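Working notes, beginning with the structure itself.
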Amino acid sequence: MTAQNPEATRQAEPGPPAPEDRTRVAAWRLLLSNPVTVVSAVLLFIVVFVALLGPWIAPYGVNDVDVANQLQPPSAAHWFGTDDLGRDVLSRVMIASGVSLQVAFVSVTFAFVVGVLVGVISGYAGGLLDTVLMRLVDVMFAFPVLLLALAIVAILAPGLATTMLAIGIVYTPIFARVARASTLSVRGEPYVQVSRTMGTPWASILGRHVLPNITGPIIVQTSLSLAFAILAESALSFLGLGIQPPAPSWGGMLFAAQGFISQAWWMSLFPGVAIFITALSFNLLGDGMRDVLDPKQRTLIESRRKR
């Protein structure tokens, strides 16, 4: 028999999980234990699934005109009824989900990249650069979001690309403010000060120390911005300055339905419900993630549950 070294055996045994791992596990458990957050995540999964597979699973073509069956109420043949041109409302709602989510994700990604870059550089550099960048942000904040988006679209001409660019521009200042505030709280930490004293390049400090510690508020803001981007795209399309026909969009469907509310309620009901569910799910998911990513809020919730 081979003798085993007890000390080596103890060293080979896995130790207790690190504090960061325990915190991460507790955060995931807290997130999954919130039924509202779980339901909102499931609803968003369904919306994304429909958006991705809509062109293949839609029962009818998005622009299949059937004048003989116009303004038909919901039935076995048309679950959501038909519109004034006889087009299947269900198919149009399904295809429009892909358009709305595409606009939301692309525009928020643009705002995320530009806004976080501006906010982090402004908060870390300080001084004159911080003053100049934040004054520009304040100027953009002086205009209502939808009004500024309308002005941009009116100047550049309506369309899919213009809608995404306009929504991305108007939400960039929000990400810049969030990133700057978080960077200011991290900039004074000892590990950041030590890195600056050692002459570490600022890009390395931002990438290794600042950005990983400000992801919580930015992730929450991303979820909330996706909800507002859905609403903004629907509003622009409703006003005729967003997605242009014959491409379907939830806002465009509401605009087409406004003249048939009394005789074809389903034309406005189902696109409106789609907008409501998607925007609300993003908002609720953002609230749940905020409770989990905020240490103070997470501790408060855990203490309440223990009591």
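The values are calculated or read from the model by the stated rules, or taken from the named source; none is laboratory data. Just so it is clear, the structure is predicted and the values come from calculations on it, not from any experiment. We place every Cβ from the backbone using ideal geometry, glycine too, and count neighbours over all the protein chains shown. Side chains are part of the model used for accessible areas, which takes the heavy atoms of the whole protein and leaves out ligands, DNA and RNA. Shrake-Rupley method; radii C 1.70, N 1.55, O 1.52, S 1.80 Å.
For the stretch 190-297, the mean projected area of the C-alpha convex hull, equal to one quarter of the hull surface, is 10.1 nm².
For the stretch 185-247, the normalised intensity computed at q = 0.13, 0.30 Å⁻¹ comes to -0.57, -1.14 (log10 of I(q)/I(0), Debye sum over alpha carbons, equal scatterers, no solvent).
Once you list every other residue whose beta carbon is under 15 Å from the beta carbon of PRO248, what net charge do they have if Lys and Arg are +1 and Asp and Glu are -1? Could you put the intermediate results ahead of the total?
On the way: positive: ARG87, ARG92; negative: ASP64, ASP83, ASP84, ASP88, GLU233.
Within the 15 Å Cβ shell, the charges total -3.
For the stretch 82-147, the fraction of alpha-carbon pairs lying more than 15 Å apart is 70 percent, rounded to a whole number. Counting Lys +1, Arg +1, Asp -1, Glu -1, what net charge surrounds VAL50 among other residues with beta carbon under 15 Å of its beta carbon? Computed value for this residue: 0. Packing, as the average of other Cβ atoms within 10 Å across residues, places the peptides 106-113, 233-240 in the order 233-240, 106-113, highest first. Ignoring solvent entirely, what values of log10 I(q)/I(0) come out of the Debye formula for the stretch 36-123 at 0.19, 0.25 Å⁻¹ when each Cα is a single scatterer? For the stretch 36-123 at q = 0.19, 0.25 Å⁻¹, log10 I(q)/I(0) is -0.89, -1.11. Above 23 Å, the calculated P(r) of the stretch 103-197 contains 33 percent of its Cα-Cα pairs.
With the full set of protein chains in place, find how many percent of the accessible area of the stretch 122-265 is carbon and sulfur; take the probe as 1.4 Å. Don't jump to the answer; show the numbers that get you there.
Details: 4930 of 6910 Å².
The computed percentage sits at 71.
Carbon-plus-sulfur accessible fraction, the stretch 26-115 (probe radius 1.4 Å, protein heavy atoms only): 74%. Volume per residue for the stretch 62-107 equals 65 cubic angstrom (convex hull of Cα atoms).
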